[in-house]
1. With axes computed from alpha carbons, what is the tilt in degrees of helix 233-249 against the longest principal axis of the chain, rounded to the nearest 10 within 0 to 90?
2. Can you compute the FRET efficiency between VAL398 and ASN443 using 1/(1 + (r/R0)^6), with r the Cβ-Cβ distance and R0 = 30 Å? Round to the nearest 0.05.
3. Through the Karplus equation 6.51 cos²θ - 1.76 cosθ + 1.60, θ set to phi - 60°, convert the phi angles of the range 77-91 into ³J(HN,Hα) values in whole Hz; use x for Gly and Pro.
4. Which pairs, out of LYS168/LYS420; LYS359/LYS448; LYS210/LYS380; LYS210/LYS299; LYS383/LYS420; LYS205/LYS448, put more than 25 Å between their alpha-carbon atoms?
5. Over all directions, what mean area does the Cα convex hull of the chain project, stated in square nanometres?
6. Helix 414-427 against the longest principal axis of the chain: what's the angle in degrees, Cα atoms only, rounded to the nearest 10?
7. Counting other Cβ atoms within 10 Å, which chymotrypsin sites (Phe, Trp or Tyr not before Pro) in the range 312-384 have at most 11 and lie in a DSSP loop?
8. Which percent of the Cα-Cα distances in the range 342-458 go past 22 Å?
Amino acid sequence: MAYFGGRIELLMSKKYLALILLSALFLVNSCGKKDSPPAPTPTPVPGCATGTAPANGSFVTTTSITLNWSSVATASSYDLYLGTTAVPTTLIASSVTGTSYAYTIPATPNATYYWYALPKNAGGSATGCTGTVQSFTYIVIQAPTALNYYVVGYMPSYRVIADIPDQKFKMTNVVVYAFYGVNSSGGLTAPATGSSLAAVAAKSKANGAKILLGINDGSGDGKTNFKAMAATPAGRNNFIKAIMAVVRANTLDGVDMDWEFPTTSDGTDVTFTELMKELSDSLHRDARYYLSCAVTAGKYAGGIRDAIKTELFPYVDFFNIMAYDDFSTSTPYRHHSDYALAQTCLNYWLTTRGMPAVKAVLGVPAYGRPSGMTQSGTIKTYKDILAAGGNPQYDSAVVSTTTYPSYTVYYNGQYTVKRKAKLAKDIAGGVMFWEKGQDAMDNNSLLKAACDTVGRAY
């Protein structure tokens, strides 16, 4: 038994020794072995970017553009696609690290370009980003060729067109149909009665004259409507669309804006400027249409005069300077539109304000006003003044009406009109007459006097 007992004890000792050795070996191996790092998490693909400039659907007027887009936090760079198809496939730049890129587009008028920025990083490029494609259209904004010397004649709708001979239309190279207005919805309203735009346009074209759509703010609700329309981008946009529809439908040559008057006192100077700039952009695409603007005489300082911003000069093709109506109800013997006023007005707009001479058109009245008395019922047309005994070479005449048995009316005769036409020829861009139906229809015509002075055939 002792033998077997010793043997068992020896076997047990060897067993424990083996276990101890195995444990030690395991501990040694465990301490010497390094854990493997976990598998890296894939970099998430970035989301899509949004274009910020040029504004989607906008117009650009230069071939040098800068594309801008929003930053995507997980993007390391961006690929840019641009082309003339709705989903562009042309890569114009790759791995752009910023969020803007300068690019030159082809000088193709009215071409619409589509583009988008595709974010990417180590995980790959964003997906589904063709839904962020934006567009812009390249347009040419350029005024039509200026006329050598403007002879502008307003043609009010209330005049009977048959009463105005063709020769009167030949004497003017620009006819302004007066007037369309603004309705309560901010849309364009045609005169309710009188000679139609279509008839005046046809007669103008037949006699070699440009025909412009005249737009006036009228009085009362008209002024309120005009102001409200111009106050918002949406209102101006809708109004300009209505204008362009009439211009195209009647194959006109442009638009004359006669807002009397925007002013700095109520902010309409700002909204008027915006309206004219936006209208200029629409009319001057591809140098197709003229834009003119009637402005105050400029003699008197104030909010009305200052509402015509110098920044507007490049956008308008010519300005009809209303150098008349400088009357007084209390001071007698005062001419409302003498030669001195013409000099004062042109000096202000040309010298003080820096209006380009070719764009300054001097307004001439074909009517007379008294001074030192009420103006109600006393304003007379030039042809009526002559019919009442006035001399076509003088500037004043004594006339009478039932209400006013005898009073002096001040007007422009042929001599003064010739002097004004010569002044405008020397230092400005032409003359404008308000209006055709007030002029004499024979050799005493004021339009004839102006044309003869500057050598304009008719």
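Values in this text are rule-based calculations from the coordinates and carry no lab data. It should be emphasised that the depicted structure is a prediction, and the values quoted were computed from it without experimental measurement. Note that each Cβ is placed from the backbone with ideal geometry, even for glycine, and that neighbours are counted across all protein chains shown.
1. Once rounded, the angle reads 60 degrees.
2. Values: r = 23 Å, r/R0 = 0.78.
FRET efficiency, VAL398 to ASN443: 0.80.
3. 3J(HN,Hα) across the range 77-91, in whole Hz: 6, 9, 9, 10, 10, 8, x, 9, 9, 4, 10, x, 10, 7, 7.
4. Numbers: LYS168/LYS420 19 Å; LYS359/LYS448 22 Å; LYS210/LYS380 28 Å; LYS210/LYS299 30 Å; LYS383/LYS420 19 Å; LYS205/LYS448 19 Å.
Among LYS168/LYS420; LYS359/LYS448; LYS210/LYS380; LYS210/LYS299; LYS383/LYS420; LYS205/LYS448, the Cα-Cα distance tops 25 Å for LYS210/LYS380; LYS210/LYS299.
5. Values: hull surface 148.4 nm².
With every direction weighted equally, the projected area is 37.1 nm².
6. 30 degrees
7. Details: sites: TYR315, PHE318, PHE319, TYR324, PHE327, TYR333, TYR339, TYR348, TRP349, TYR367, TYR382; in loops: TYR324, PHE327, TYR333.
Those satisfying the criteria are TYR333.
8. Working: 2572 of 6786 pairs.
Considering the range 342-458, 38 percent of its Cα-Cα pairs are separated by more than 22 Å.
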